[in-house]
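Structure, as structure tokens:
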Amino acid sequence: MCNIDSYVAKILEALEQRGGAPIIGINGLDCAGKTTLAQVLQQQLITSGVHAELMHVDDFNDLSVQKRVYSAYCDGEFTKDLFEQYYRSSVDYAALQDAIQVTRERKNGPIIVEGVFLYRPPLADLFDVKVFLMVPYEVARKRYAARKIQAGDDRPIQVFDEIWVPAYERYCREFSPDKAADLIFEM
């Protein structure tokens, strides 16, 4: 069961042990609770007088790649090559890495980065504290369905099952983010 306050407390404890201005990565499946946990952590740090920057991987999505992939999927033309393109290029990892580096140079406090596929090279080496969120697929899928309605997202729910989950499973096989994590939480 998810107890977000106890998770934040454990992250804060890990930060105290690290000292300095650490970079915290919060990783997991789409709709695992990454953004929620990151926002609560940031607010807790700010409340305690520590300025913490929050970065979202979604802000570095390559929208042209995603549009091409989702359009092909909706048109029934989704291929293995497009899946590969989605898996490798749906996020501009170089831009994200640069933004993390620039923020680290500019700020003197913790940086929280939340999103999918964080613990793949070369990003994995940037994080001082790695958090991995485990969530049953069914729970994440229900969250996506609710979020999709709320946001007016017109992509079919099947993108979760047929693109996001297979990409996430491949990421887990290739990079073992659960083994790379310092902290693992069930959401």
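Applying the selection to the stretch 16-65, what residues are among the hydrophobic types (A, V, I, L, M, F, W, C), in a helix (DSSP H, G or I) and either under 20 Å from residue 103 (Cα atoms) or in contact with a helix residue (DSSP H, G or I) (Cβ under 9 Å, 6 or more places away or on another chain) (or both)?
Within the stretch 16-65, 37, 38, 40, 41, 45, 46, 57, 60, 65 meet the criteria.
Does the stretch 148-172 hold any residues that are within 17 Å of the chain's Cα centre (by Cα) and loosely packed, with under 13 Cβ neighbours inside 10 Å, and which are they?
Scanning the stretch 148-172 gives a single hit, 169.
Of all residues being surrounded by 13 or more Cβ atoms within 10 Å (Cβ to Cβ), over 20 Å from residue 30 (Cα atoms) and not small (Gly, Ala, Ser) in the stretch 49-77, which is modelled with the lowest pLDDT? Just the residue, please.
50
Name every residue in the stretch 106-132 that is among the acidic types (Asp, Glu) and either buried (at least 21 other Cβ atoms within 10 Å of the Cβ) or not in a helix (DSSP H, G or I) (or both), in order of residue number. It would help to see each step written out before you state the result.
Of the residues in the stretch 106-132, the ones among the acidic types (Asp, Glu) are 114, 125, 128.
Once the filter is applied, which keeps residues that are among the acidic types (Asp, Glu) and either buried (at least 21 other Cβ atoms within 10 Å of the Cβ) or not in a helix (DSSP H, G or I) (or both), the stretch 106-132 yields 114, 128.
From the residues in the stretch 15-48 that are touching an Asp or Glu at 6+ places or on another chain (Cβ under 6 Å) and more than 26 Å from residue 169 (Cα to Cα), which one is surrounded by the fewest Cβ atoms within 10 Å (Cβ to Cβ)?
Of everything passing the filter in the stretch 15-48, 18 is surrounded by the fewest Cβ atoms within 10 Å (Cβ to Cβ).
Just give me the residues in the stretch 78-105 being of a type outside the set (S, T, N, Q), under 20 Å from residue 166 (Cα atoms) and surrounded by fewer than 17 Cβ atoms within 10 Å (Cβ to Cβ), in sequence order.
Looking only at the stretch 78-105, we keep the residues that are of a type outside the set (S, T, N, Q), and these are 78, 80-84, 86-88, 91-96, 98-100, 102, 104-105.
Retained after the next criterion (residues that are under 20 Å from residue 166 (Cα atoms)): 78, 80-84, 86-88, 91-93.
Within the stretch 78-105, 80, 81, 84, 88 meet the criteria.
Just checking, how many residues over the stretch 133-162 are part of a loop (DSSP other than H, G, I, E, B), aliphatic (A, V, I, L, M) and touching a residue at least 60 places away in the same chain (Cβ under 8 Å)? It would help to see each step written out before you state the result.
Going residue by residue through the stretch 133-162, those that are part of a loop (DSSP other than H, G, I, E, B) are 135-136, 152-157.
Still in the list and also aliphatic (A, V, I, L, M): 135, 157.
Now drop any that are not touching a residue at least 60 places away in the same chain (Cβ under 8 Å), which leaves 135.
Count: 1.
Do we find that residue 173 is in a helix (DSSP H, G or I) and either of a type in the set (D, E, K, R) or more than 17 Å from residue 34 (Cβ to Cβ) (or both) in this structure?
On the way: in a helix (DSSP H, G or I): yes; either of a type in the set (D, E, K, R) or more than 17 Å from residue 34 (Cβ to Cβ) (or both): yes.
Yes: the conditions hold for residue 173.
The values are calculated or read from the model by the stated rules, or taken from the named source; none is laboratory data. Being a predicted model, the structure only gives us computed values, none of them experimental. All Cβ positions, glycine included, derive from the backbone under ideal geometry; neighbour counts span all protein chains shown.
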